[in-house]
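Heads up: the structure comes next, in structure tokens.
The values are calculated or read from the model by the stated rules, or taken from the named source; none is laboratory data. Source: prediction; values computed, not measured. Here the Cβ positions follow ideal geometry from the backbone for every residue, glycine too, while neighbour counts run over all protein chains shown. Heads up: the accessible areas ignore ligands, DNA and RNA and are worked out on the full protein's heavy atoms, side chains in. Shrake-Rupley method; radii C 1.70, N 1.55, O 1.52, S 1.80 Å.
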Amino acid sequence: MTNPVLVAKAYVFAAERHTRQRRKGVNEEPYMNHLVEVAALVAEATEGKDPNLTAAAVLHDTIEDTPTSHAELEQAFNRDVADLVADVTDDKSLAKADRKALQVSNAPKKSSRAKIIKIADKTSNLRSLLNSPPGDWSDARRSEYLAWARQVVAGARGVNAWLEDTFDASARELETALEGTSAQAT
């Protein structure tokens, strides 16, 4: 059974922390849209039976992208939510290439619940690259992101067939769109 109070509290907290952030896409969507989509994917994948995981999905970028600490999340929610968020947080002190390589190498070592957040996050990102890509991203850069996302998800597989199928469908859709634009260019 879901805990709507916990999840609603996570939405409020995330909205406050990410208030001024926008997605990088040409539509400059509020960053909150991404968090809502990731949480919706997680809630559907778990049939709403893991409210801590859904709350962590809403909050998955708070430590990484806002001045929020693990201790603060633990106090506001609980240790499980804070630990899940920490488990999917990149170390921003590292170079971007190193962070990306670590996501690939660490994905198989994550807990099954953290893997669910990772797959949902990558699915949302692929959908964003399809519907509102950053204006300065070439098709080649989007293809590179797609290949990298597939590597991360390859290490996270085996936790939820529906979510993995949803990722695969989003990846195929982006790949088809990229193939279409490269065919038009020739």
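So that you can scan it fast, the table gives a plain yes or no per residue for (1) closer than 19 Å to Leu35 by Cβ; (2) out of contact with any helix residue (DSSP H, G or I) (no Cβ under 9 Å at 6 or more places or on another chain):
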| residue | (1), (2) |
| --- | --- |
| Ser69 | yes, no |
| Ala76 | yes, no |
| Val85 | yes, no |
| Asp90 | yes, no |
| Ala97 | no, yes |
| Ser105 | no, no |
| Pro108 | no, no |
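For segment 93-100, check the following and say yes or no: at least one residue is open to solvent by 60 Å² or more (accessible area, probe 1.4 Å), of a type in the set (A, V, I, L, M, F, W, C), in a helix (DSSP H, G or I) and out of contact with any strand residue (DSSP E or B) (no Cβ under 6 Å at 6 or more places or on another chain).
Looking for residues that are open to solvent by 60 Å² or more (accessible area, probe 1.4 Å), of a type in the set (A, V, I, L, M, F, W, C), in a helix (DSSP H, G or I) and out of contact with any strand residue (DSSP E or B) (no Cβ under 6 Å at 6 or more places or on another chain), one finds at least one in segment 93-100, hence yes.
Go over the candidates Ala156, Ala149 one by one and state the one that is over 27 Å from Ser69 (Cβ atoms), touching a residue at least 24 places away in the same chain (Cβ under 8 Å) and among the aliphatic types (A, V, I, L, M).
Unique residue meeting the criteria: Ala149.
Does segment 125-137 contain at least one residue that is buried (at least 20 other Cβ atoms within 10 Å of the Cβ) and hydroxyl-bearing (Ser, Thr, Tyr)?
yes
Considering each of Ser143, Ser170 in turn, give the residue that is under 13 Å from Leu41 (Cβ atoms) and surrounded by 14 or more Cβ atoms within 10 Å (Cβ to Cβ).
Ser170
Determine whether Lys92 is within 13 Å of the chain's Cα centre (by Cα) and free of Cβ contacts under 8 Å to residues at least 40 places away in the same chain.
Numbers: within 13 Å of the chain's Cα centre (by Cα): no; free of Cβ contacts under 8 Å to residues at least 40 places away in the same chain: yes.
No; evaluated as a whole, the condition is false for this residue.
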